[in-house]
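*Asks:* A single structure is presented below for examination.
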Amino acid sequence: MIKIALVGNPNCGKTTLFNGLTGGNQYVGNWPGVTVEKKEGLLQGHKDVTIQDLPGIYSLSPYSLEEVIARGYLLQEHPDAIINIIDSTNIERNLYLTTQLLELGIPMVLALNMTDIIRKRGDVIDTCELAAKFGCAVVEISALNKEGILEAAEQAILLAQTKMVPKPLALFENKIEKVIGEIETIIAPQVVAGESRWYAVKLFERDQQIVKMLGLEPATTELIGKLVAASEDQEDDDAESIITAGRYGYIAQVINRIVHKAQAPGTLTVSDKIDRIVTNRILALPIFAFIMFCVYYISMSGVGALVTDWVNDEFFGEMVAGNLSAWMESAGCAEWLTGLVVEGIVGGVGAVLGFVPQMLILFLMLSILEDVGYMSRVAFIMDRIFRRFGLSGKSFIPMLVASGCGVPGIMASRTIENDRDRKMTIMTTTFIPCGAKMPIVALFAGALFDGSGLIATSAYFIGVAAVIISGIILKKTKMFAGDPAPFVMELPSYHMPYATNILRSTWERGSSFIIKAGTIILLSSIILWFLQSFGYVDGAWEMVEDNNGSVLAVLGNTIAPIFAPLGFGKWQAAVASITGLIAKENVVSTYGVLYGFAEVAEDGQEIWSNLAADFTQLSAYSFMIFNLLCAPCFAAIGAIRREMNNAKWTAFAVGYMCGFAYVMALIVYQFGLYFLEGHWSLGTVAAAFCLATLLYLLFRPAPEEAAEAIDMKKISWNE
Amino acid sequence: MRTLRDGQIGETVTVVKLHGRGPIKRRIMDMGITKGVTILIRKVAPLGDPVELNVRGYELSLRKADAEMIEIQ
């Protein structure tokens, strides 16, 4: 079996090449324990050659998750060959990664991509000279037109079979080369001969991960440290700067000789011209608003809503559930079995699958925005606002989408590259009230606030405030600190969307949701169905007519006291909150059932008087806050699980949301009591304590800053 | 000391030195902003931050706070 790794910068056409090489023969997963996608596949026509797609990276530094994954794979898994894909239109920066890959001692092919564009422009790249200067094979390809891609793969196979390792280049000034040579000699006993250059350069850069990995003696590291420090003094620069400048210096020299441009430097390309309008100081925001409106309108209220309503009401509601229950009854199935299958399984899973068409439409549009190159402009335009709360400019899209439905909102967070920003976005996105939470708002606004529109408006303000407060608080916690997200982002050239890539990525996202999120939803729906359908009636275990006598009601009674400080200690409120987990609009129908109505309107008009008797305006508002902010529905939790790719993080996210919701409701209710009625109690003290803690968490200085101020150079080398 | 933050839109500048340390500095260098390179300051985002640069033949965006680490001529 031959393993070939595909390595290259982001936006260099790597995905297109990977799809072209493997066809439909792919396996998509995650790298163990992280949210970074892992793809591998079989080379078309070769059953014994696997292609491993590595994350798009700019360098092999130890600072970004993607880069650490890529270099970990290259060093530990030792692929038989590397195909280094290069965007020829951006060759200078792309070759920077190449200079690092060459040091790994792995056979390598340079695949110069987008050569069709180069030809169209009339530019010429001297590939023979490039091959000579970089000491490895060079193949011109166009991944989009499938030109030369098989030749590149054949070349890689050939190199893998002959084990032709590229000779490391002498990139740096003689003085530096000499020091690197000395380090190579020092570490020679610890490393394989072909890799010594790589380790020596990394040790020169004071790469702590490599020091740990090699497990060098303190005396050895001290010796190397002294050598490096001497060079740093001589060059009046730090080691990392010396190395990067050396690499880019070498590349600039080569580029000067091999790239011949037809047009004078500074000529604007089509992409430049588009960008002048799209990110124009005046036009950028209106254009942005228009595009976002289109995305939202088409996926959430237009086509998406139409399809979703149809799937939910007609397909699952009438066709599947209706026919199934009729069929099961006629077949003489037990009543409970029919209930389980129709209400529990079809109802639960249907609620989730109903989102799928809407989600696919949304993903389709997001994929287009990504493929065209607009997504990074979104970050460029929105960064200023979002980075204040520790989020990325790209968090805007998930939040916008979440105002329709949290599930695709969470899934949309996948366009955020930075792991920290992505996790934070996933955790806060569902605070934005989604479409299904609006009936809860309408219910209480109608029952206790004369249908005031202010209540709905305030729901959105609460959601946005929750995002902002959480962003600032979380940013300062240990889990998110210490890994500052540099916003040094490439703005790739615009290009026409490529249908295969878009459809494939849409399908990957959609299907992964169905499979992974589906299981958790199925399970929880079944459990909840049992809880609310069965109970002890007159000492006998049986299926209950309504929820009043169910196990869920008993459970509600047990946990109701927890909500007493929030003003809704009645068991109905607890039960309604729990059934809200299946889908938020269930809160309304559950109240209907609990007050003895078989069916209620979407805003629950029939039960307004019952609610008005059970709630005060204040406790109603507190209940609303809690249900808007607490754990989202199972479908959204499933999506969180899918995106976090980690059970602990999912639990943390859901726990955080519930805790946050509780604290917020507590503060509002208790202070409300105090100010409106002058009522003072132990709860007021608790609320005051919570508020003080919240304010402390909000305004305390970020702990990471103190740590960052330590001079890296002064940290003991043999730490 | 003049930094990239002080540069005007449309101006082409040369990098003299990079200050600061750690991951952000490394990232800036990895993206091609090293000693001696010329940078065209293309534009500022509509809300005033970040800035868009043209460096080594491609477009790069950078926050103004990070641009302060880059000393220019």
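*Asks:* Can you tell me which residue among A:Ala170, A:Ala131 is without any contact (Cβ under 8 Å) to a residue 12 or more places away in the chain and more than 37 Å from the chain's Cα centre (by Cα)?
*Replies:* From the options A:Ala170, A:Ala131, the qualifying one is A:Ala170.
*Asks:* Kindly provide the set of residues from region A:411-444 that are under 30 Å from A:Ala620 (Cα atoms), surrounded by fewer than 24 Cβ atoms within 10 Å (Cβ to Cβ) and touching an Asp or Glu at 6+ places or on another chain (Cβ under 8 Å), ordered by number.
*Replies:* A:Ala436, A:Pro439, A:Ala442
*Asks:* To continue, here is another question. Do we have any residue at all in region B:43-61 that's assigned to a loop (DSSP other than H, G, I, E, B), among the β-branched types (Val, Ile, Thr) and more than 7 Å from chain A (Cβ to nearest Cβ)?
*Replies:* no
*Asks:* I've got another one for you. Run down A:Leu171, A:Leu268 and say which single residue is touching a helix residue (DSSP H, G or I) at 6+ places or on another chain (Cβ under 7 Å) and either hydrophobic (A, V, I, L, M, F, W, C) or modelled with pLDDT under 90 (or both).
*Replies:* Step by step, each of A:Leu171, A:Leu268 is checked, and only A:Leu171 is touching a helix residue (DSSP H, G or I) at 6+ places or on another chain (Cβ under 7 Å) and either hydrophobic (A, V, I, L, M, F, W, C) or modelled with pLDDT under 90 (or both).
Residues checked against (1) among the β-branched types (Val, Ile, Thr); (2) closer than 30 Å to A:Asp48 by Cβ; (3) surrounded by fewer than 15 Cβ atoms within 10 Å (Cβ to Cβ); (4) touching a Leu at 6+ places or on another chain (Cβ under 6 Å):
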site: A:Ala156; (1), (2), (3), (4): no, yes, no, no
site: A:Leu159; (1), (2), (3), (4): no, yes, no, no
site: A:Thr162; (1), (2), (3), (4): yes, yes, yes, no
site: A:Ile183; (1), (2), (3), (4): yes, no, no, yes
site: A:Ile186; (1), (2), (3), (4): yes, no, no, no
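*Asks:* Residue under question is A:Tyr73, and the condition is that it be more than 19 Å from A:Leu144 (Cα to Cα), more than 10 Å from every other protein chain (Cβ to nearest Cβ), outside any strand (DSSP E or B) and among the aromatic types (Phe, Trp, Tyr); does it hold?
*Replies:* Judged against the criteria, A:Tyr73 is a match.
*Asks:* Would you call B:Arg26 closer than 24 Å to A:Ile242 by Cα and within 7 Å of another protein chain (Cβ to nearest Cβ)?
*Replies:* Numbers: closer than 24 Å to A:Ile242 by Cα: yes; within 7 Å of another protein chain (Cβ to nearest Cβ): yes.
When the stated conditions are applied, B:Arg26 passes them.
*Asks:* Answer with yes or no whether A:Leu227 is away from chain B (no Cβ under 14 Å), farther than 16 Å from B:Gly36 by Cα and within 39 Å of the chain's Cα centre (by Cα).
*Replies:* no
*Asks:* Considering A:Arg206, A:Arg247, which residue is crowded, with 16+ Cβ neighbours inside 10 Å and on the phi > 0 side of the Ramachandran plot?
*Replies:* A:Arg206
*Asks:* Determine whether region B:4-13 contains at least one residue that is crowded, with 20+ Cβ neighbours inside 10 Å, facing chain A (nearest Cβ under 7 Å), closer than 25 Å to A:Ser392 by Cα and touching a residue at least 24 places away in the same chain (Cβ under 8 Å).
*Replies:* no
*Asks:* Sticking with this structure for a sec: Just to be sure, is A:Gln52 surrounded by fewer than 22 Cβ atoms within 10 Å (Cβ to Cβ) and part of a strand (DSSP E or B)? If you could, list the steps in order and put the result at the bottom.
*Replies:* Numbers: surrounded by fewer than 22 Cβ atoms within 10 Å (Cβ to Cβ): yes; part of a strand (DSSP E or B): yes.
Answer is yes for this residue.
*Asks:* If you don't mind, there's one more thing I want to ask. With respect to A:Phe380, is the statement that it is in contact with a strand residue (DSSP E or B) (Cβ under 8 Å, 6 or more places away or on another chain), under 25 Å from A:Pro492 (Cβ atoms) and part of a helix (DSSP H, G or I) true?
*Replies:* Judged against the criteria, A:Phe380 is a match.
*Asks:* Another question, then. So which helices (runs of 4 or more DSSP H) are wholly in region A:263-341 and hold at least 3 residues that are over 26 Å from the mean Cα position of the chain (by Cα), of a type in the set (A, V, I, L, M) and within 14 Å of chain B (Cβ to nearest Cβ)?
*Replies:* A:270-278
*Asks:* Considering only residues that are assigned to a loop (DSSP other than H, G, I, E, B), touching a Pro at 6+ places or on another chain (Cβ under 9 Å) and within 14 Å of another protein chain (Cβ to nearest Cβ), look in region A:383-433 and name the one that is nearest to A:Val278 (Cα to Cα).
*Replies:* Once the filter is applied, the top-ranked residue is A:Glu417.
*Asks:* On the given criteria, is A:Leu528 outside the structural domain of A:Arg422 (by TED's automatic domain parsing), closer than 22 Å to A:Val342 by Cα and in contact with a Cys (Cβ under 9 Å, 6 or more places away or on another chain)?
*Replies:* Spelling it out, it is not the case that A:Leu528 is outside the structural domain of A:Arg422 (by TED's automatic domain parsing), closer than 22 Å to A:Val342 by Cα and in contact with a Cys (Cβ under 9 Å, 6 or more places away or on another chain).
The values are calculated or read from the model by the stated rules, or taken from the named source; none is laboratory data. Everything numeric here is computed off the predicted structure, so don't read it as measured data. Cβ atoms come from the backbone with ideal geometry, glycine included; neighbour counts cover every protein chain shown.
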